[in-house]
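Q: I am attaching a structure below and will ask some questions about it afterwards.
The values are calculated or read from the model by the stated rules, or taken from the named source; none is laboratory data. Since the structure is predicted, the reported quantities are computational estimates derived from the model, not experimental observations. Heads up, the Cβs are rebuilt from the backbone with ideal geometry, glycines too, and the neighbour counts pull from every protein chain shown. Note: areas computed on protein heavy atoms with side chains; ligands, DNA, RNA excluded. Shrake-Rupley method; radii C 1.70, N 1.55, O 1.52, S 1.80 Å.
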Amino acid sequence: MKLVFAGTPEVAVPALDALIASDRHEVAAVVTRPDAPAGRGRRLVASPVAQRAEESGIEVLKPAKPRDEDFLARLREIGPDCCPVVAYGALLPRVALDVPAHGWVNLHFSLLPAWRGAAPVQHAVMAGDEMTGAATFLIEEGLDSGPVYGVLTEHVRPTDTSGDLLTRLAFAGSGLLVATMDGIEDGTLKPVPQPAEGISLAPKISVEDAQVEWAAPALRVDRVVRACTPAPGAWTVFRGERLKLIQLALLPERTELAPGALAVGKNDVYVGTGSHDVELLWVQPQGKKPMRAADWARGVRIAPGEQLGAAH
């Protein structure tokens, strides 16, 4: 089939690579979000998908909105049979959905109808799901509600961050997307409507959502930190400034500290929660690089009675 691939971030690149490598399909063009400011200089930078397409000599389309007339005219000119999508980042209007004969097929990182929305992997980690996966489905105008072509499952490991899990799903899912294109092309694959029950929503996680509540049980604190790593980054407040929390360890046998209270050993930093203590392993103070929590504690010289999460 002739394909136009739509995707934007790094997590979409493995699927684009897999489709380019497929001997059954031709990636005629790529649709991605417009260049965005990045880094300290806020220079405009092309998306990871745009960069990979350009390296491969593939035409790149960057409409401000997918209903732009110039974009739609070029899409009709190319005449794709199908448009595979991975994390494109914009809603597709009906006029765009109607262009390819086989529609737009999305690779979504959850077992639909669970976790429809922008942040399925983060919500799966935050909810403590033991199993998640990826699904390919035909895009309709509703939110991730279209009929499903195929699924794969993936265990959520006890120490997984959303970044770890998303990386595994991106590579496993790329194979699922290619297999879905193959099945659509040879007519062996028909999409099956999603069940009406078991629907859960996964809206984008805001910076406010990523603030750790130390009065919550340790298990919840751990899930929030893992779910928000690498983005938007779990955080707390120390001496009136944000402290990013990158990694901690659960210590079920230790229950000495009140929620948010700090205890510093020679090479350890402990914090109390609503259930049992946790050990801080890696943190990132405002404006600094990530560091071991013990190095951070030595540098700031925590006084007796100081705690995390206290606003001053």
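Q: Based on what the data block shows, is Gly183 among the small types (Gly, Ala, Ser) and over 24 Å from Asp17 (Cα atoms)?
A: Values: among the small types (Gly, Ala, Ser): yes; over 24 Å from Asp17 (Cα atoms): no.
So Gly183 fails the test.
Q: Taking interchain pairs and intrachain pairs at least six residues apart, which have beta carbon atoms under 6 angstrom, with the first residue in the stretch 189-213 and in a loop (DSSP other than H, G, I, E, B) and the second among the hydroxyl-bearing types (Ser, Thr, Tyr) and modelled with pLDDT of 95 or more?
A: Leu189/Tyr149; Pro191/Tyr149; Val212/Thr236
Q: Here is a check on your reading of the model: is Ala172 closer than 28 Å to Leu250 by Cβ, outside any loop (DSSP other than H, G, I, E, B), touching a strand residue (DSSP E or B) at 6+ places or on another chain (Cβ under 8 Å) and among the small types (Gly, Ala, Ser)? Reasoning before the result, please.
A: Details: closer than 28 Å to Leu250 by Cβ: yes; outside any loop (DSSP other than H, G, I, E, B): yes; touching a strand residue (DSSP E or B) at 6+ places or on another chain (Cβ under 8 Å): yes; among the small types (Gly, Ala, Ser): yes.
Spelling it out, Ala172 is indeed closer than 28 Å to Leu250 by Cβ, outside any loop (DSSP other than H, G, I, E, B), touching a strand residue (DSSP E or B) at 6+ places or on another chain (Cβ under 8 Å) and among the small types (Gly, Ala, Ser).
Q: Considering only strands (runs of 3 or more DSSP E) fully contained in the stretch 247-287, which possess at least 2 residues that are within 16 Å of Ala215 (Cα to Cα)? Can you show your working first?
A: Values: elements: 262-264, 269-271, 278-285.
Answer list for the stretch 247-287: 269-271, 278-285.
Q: What number of residues within the stretch 1-24 are farther than 23 Å from Phe109 by Cα and surrounded by 14 or more Cβ atoms within 10 Å (Cβ to Cβ)? Don't jump to the end; show me each part of the working.
A: Pass one, the stretch 1-24, residues farther than 23 Å from Phe109 by Cα: 1-2, 23-24.
Pick out the ones that are also surrounded by 14 or more Cβ atoms within 10 Å (Cβ to Cβ) and you get 1-2.
Qualifying residue count, the stretch 1-24: 2.
Q: Taking the stretch 297-312, which residues are more than 12 Å from Thr236 (Cβ to Cβ), open to solvent by less than 60 Å² (accessible area, probe 1.4 Å) and either in a helix (DSSP H, G or I) or among the hydrophobic types (A, V, I, L, M, F, W, C) (or both)?
A: Narrowing the stretch 297-312 to residues more than 12 Å from Thr236 (Cβ to Cβ): 297-306, 312.
Pick out the ones that are also open to solvent by less than 60 Å² (accessible area, probe 1.4 Å) and you get 297, 300, 302-303, 306.
Ala297, Val300, Ile302, Ala303 - these are the residues of the stretch 297-312 that are more than 12 Å from Thr236 (Cβ to Cβ), open to solvent by less than 60 Å² (accessible area, probe 1.4 Å) and either in a helix (DSSP H, G or I) or among the hydrophobic types (A, V, I, L, M, F, W, C) (or both).
Q: Just for strands (runs of 3 or more DSSP E) wholly inside the stretch 16-114: which have at least 1 residues that are over 26 Å from Asp164 (Cα atoms) and without any contact (Cβ under 8 Å) to a residue 60 or more places away in the chain?
A: Numbers: elements: 26-31, 36-38, 43-45, 59-61, 83-86, 104-108.
Passing ranges, in order: 26-31, 43-45, 59-61.
Q: How many residues does the stretch 277-296 hold that are open to solvent by 40 Å² or more (accessible area, probe 1.4 Å) and touching an Asp or Glu at 6+ places or on another chain (Cβ under 8 Å)? Break it down stepwise before answering.
A: First pass over the stretch 277-296, keeping only residues open to solvent by 40 Å² or more (accessible area, probe 1.4 Å): 281-282, 284, 286-292, 295.
Subsequent filtering for residues that are touching an Asp or Glu at 6+ places or on another chain (Cβ under 8 Å) retains 286.
So the answer is 1.
Q: Now, a different point. If you check Val105 against the conditions, is it open to solvent by less than 10 Å² (accessible area, probe 1.4 Å), over 30 Å from Gly233 (Cα atoms), out of contact with any Lys or Arg (no Cβ under 9 Å at 6 or more places or on another chain) and modelled with pLDDT of 95 or more? Give the derivation first.
A: Details: open to solvent by less than 10 Å² (accessible area, probe 1.4 Å): yes; over 30 Å from Gly233 (Cα atoms): yes; out of contact with any Lys or Arg (no Cβ under 9 Å at 6 or more places or on another chain): yes; modelled with pLDDT of 95 or more: yes.
Criteria met by Val105.
Q: Which of the residues belonging to the stretch 214-224 are in contact (Cβ under 8 Å) with a residue 60 or more places away in the chain and open to solvent by less than 70 Å² (accessible area, probe 1.4 Å)?
A: Correct list: Trp214, Ala218, Arg223, Val224.
Q: Would you pick out the residues in the stretch 231-255 that are open to solvent by 40 Å² or more (accessible area, probe 1.4 Å) and touching an Asp or Glu at 6+ places or on another chain (Cβ under 6 Å)? I'd like the intermediate steps shown before the answer.
A: Of the stretch 231-255, the ones open to solvent by 40 Å² or more (accessible area, probe 1.4 Å) are 231-232, 239-242, 244, 246-247, 250, 252-255.
Those that are open to solvent by 40 Å² or more (accessible area, probe 1.4 Å) and touching an Asp or Glu at 6+ places or on another chain (Cβ under 6 Å): Leu250, Arg254.
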